[in-house]
1. Quick check: the angle from helix B:70-95's long axis to the longest principal axis of chain B, C-alpha only, nearest 10 degrees?
2. For a quick check: with amide H placed at 1.01 Å from N, whose amide H comes under 5 Å from residue B:184's, ignoring anything fewer than 5 positions away on the same chain?
3. Where the accessible area of chain A is counted over protein heavy atoms with a 1.4 Å probe, how much of it, in %, is carbon and sulfur?
4. Report in % the part of the accessible area of the stretch B:261-310 that belongs to carbon and sulfur, leaving out ligands and nucleic acids; probe 1.4 Å.
5. Assuming R0 = 51 Å, what is the FRET efficiency of residue A:101 and residue B:311, from their Cβ-Cβ distance, to the nearest 0.05?
6. Convert each backbone phi in the stretch B:20-32 into a coupling constant with the Karplus relation 6.51 cos²θ - 1.76 cosθ + 1.60 (shift: θ = phi - 60°), then list the ³J(HN,Hα) values in order as whole Hz, x for Gly and Pro.
7. Hey, can you list the residues from the stretch A:75-96 whose accessible area shrinks by 20 Å² or more with all protein chains present, relative to the chain by itself (probe 1.4 Å, no ligands or nucleic acids)?
8. Take every Cα pair under 8 Å in the stretch B:85-241 that's 6+ residues apart, average their separations, divide by the length, and report that relative contact order as a whole percent.
Amino acid sequence: MDNAYEALVESEGDTRWAFGTGFDDPLAGVDATVPAGVDGPDLGAYCLMLGDDALILSHRLSEWCTRAHELEDEVALANISLDLLGQTRMLLARAGQADGSGRDEDRLAYFRDEEHFRNVRLCELPGGDFGRTIARLLVFASWRLAAFNRLGESRDPVLAAIAAKAVKELTYHRDYAARWLVRLGDGTDHSHQRAREGLEAVWPLVDELFEPHDVERRMVGAGVGVDPASLREEFDAVLGQVLEPAGLATPETPAMGRVGGRAGRDGVHTEHLGYLLAEMQGLARAHPEATW
Amino acid sequence: MTATEAVAGGEDELQRHFDATIDHDQRVEPRDWMPDGYRGTLVRQIAQHAHSEIIGMQPEANWITRAPSLRRKAILLAKVQDEAGHGLYLYSATETLGVDRTDLTDKLVEGRQKYSSIFNYPTLNFADIGVIGWLVDGAAIVNQVPLCRCSYGPYARAMIRVCKEESFHQRQGYELLLTMMSGTDEQRRMVQDATDRWWWPSLMMFGPPDGDSPNTRQSMAWGIKRHTNDELRQKFVDMTVPQAETLGVTLPDPGLAWNSERGHHDFGEPDWDEFKRVLHGNGPCNAQRVERRRAAREDGQWVRDAAAAYAAKQADRERGAAV
Ligand SMILES: [Fe+2]
Ligand SMILES: [Fe+2]
């Protein structure tokens, strides 16, 4: 007790701090050299895509805080949000290294406008009720897990290391969502209805997940990235395994249209993203000279 | 002597056994006999503590989506998650006393059980997040460290775990303030403004003055409380003044001065009328805080119903499979 004051001002690292919060540079000590034959700006754009997906969904999940139906799920949803935030920090840091701009994670998260965000539109959809939240999480985690399993083999050692760590987290996220979707689908009539509506609300944004962008194609060619189209089969199989015991059918809602052929990966979003960014970026932008 | 042996001796014998446990500074455990008053006081105190952890998430969660750096966002989210964990351990501790978590939440949302009055104040700028860590978690530590030696075993053990985490929270909050104080003028202004608003409510966290705290004596005799409200408040002020100096903020109390005779700081009297008003539901955020908790509970009813229905179906299916 008497040493509380000393303990407060000492500045050395302490491993007991909450995970993912105690370090300034998430990629400190990792060799940042872009591998030979890999285009830096392309690698940067690719990392932004993967980082923005995590950042925007992490934000949506954090909106649940203090609103969950049970304390255990309060903790679980915060945990998933925190995992995705950790992935974001590493991916944005890598993006700023690889594209040669030297922008750090905060420069990228807080000082880019909407049209420069590369996330798929699925992530920005408002959370809705727990049914929709779980349906979206199942879709997202199943898709991202399939991709990150393959990214473990990426020619970019930084991306490979980030993916290897994220795989464990995403496996937990997918299982959490799968267990809940089955409970909701096979719970009461009312919960079945809510689960079905949640799934129908997110389904129009599923096809976009598997449509490769030019940057992704080039990253596949360089041995760095994953072709999203190649993930569909695994994704469908996983969803099938969950929907069957949940007593839910695959929705037939048609895919959401694009704008002149463009969507999230091209920086063309839904109307929801602007509001999300206004909230997320407002304070940081009001004090551009500040350090936090 | 075991509890079973004591039973043979009847109520007086049980009481003597309990008194001896307290006198020898030993722990009372869930299976031990305890007087009804002791059990009731513990339930009230631990429930109030659990509710405070859960309601206390709200003023901080208010800034998660707006945190101005990803690192601060992660720290804040992890902290709020820790508080949910504290609520969980504490509700579990009440369950060892034979009450149901659901009933306690009912009492909270119906206004029949209280939580710390501090959480009825709003968080208005990002420095509030730092000041809450520094002063509110700081005051919580001063209150709770002695409870690690509380006579009731499950509560004492929960407090050891909770106190460890609260000290990280305090440190992280203070570190945010140090960073902001070395930033822009506007950031320094935020820190001072937040300090001005949270200082007096923090002093109120130790409860009314000793003369106004009728239950303190009995709680101390039972080893549920180890120091009086005024002793703890003094300790907190003495601990905090040098921290404020290092930080470079002014604590908003013109009466604050070192008293070399007492070896403590003198300080002003909190506004106890304001304290009572907040405690009786008329603080700036009471209605909002309880409403949020009530809404989370009601909006989530269908999810809890679904989980229960699914568990029942699963149990049926297992029985069916076994036949
Ligand atoms: Fe706590
Ligand atoms: Fe805390």
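1. Relative to chain B, helix B:70-95 is tipped by roughly 40 degrees.
2. Excluding prolines and chain starts, which carry no amide H, the hits are A:291.
3. Details: 5850 of 11820 Å².
Roughly 50 percent of what the probe reaches on chain A is carbon or sulfur.
4. Working: 1310 of 2830 Å².
Looking at the stretch B:261-310 in its full context, I get 46 percent from C and S.
5. Working: r = 52 Å, r/R0 = 1.02.
Calculated value: 0.45.
6. Listing the rounded values in order: 5, 4, 5, 4, 8, 6, 9, 8, 8, 10, x, 7, 6 Hz.
7. Those are A:75, A:78, A:82, A:85, A:89, which lose 20 Å² or more relative to the chain on its own.
8. On the way: 154 pairs, mean separation 43.6, N = 157.
Value for the stretch B:85-241: 28 percent.
The values are calculated or read from the model by the stated rules, or taken from the named source; none is laboratory data. For clarity, every value in this text was computed on a predicted model and none was experimentally measured. Counting neighbours? That spans all protein chains shown, and the Cβs are built from the backbone with ideal geometry, glycine included. Just the protein is used for accessible areas: all its heavy atoms, side chains included, with ligands, DNA and RNA removed. Shrake-Rupley method; radii C 1.70, N 1.55, O 1.52, S 1.80 Å.
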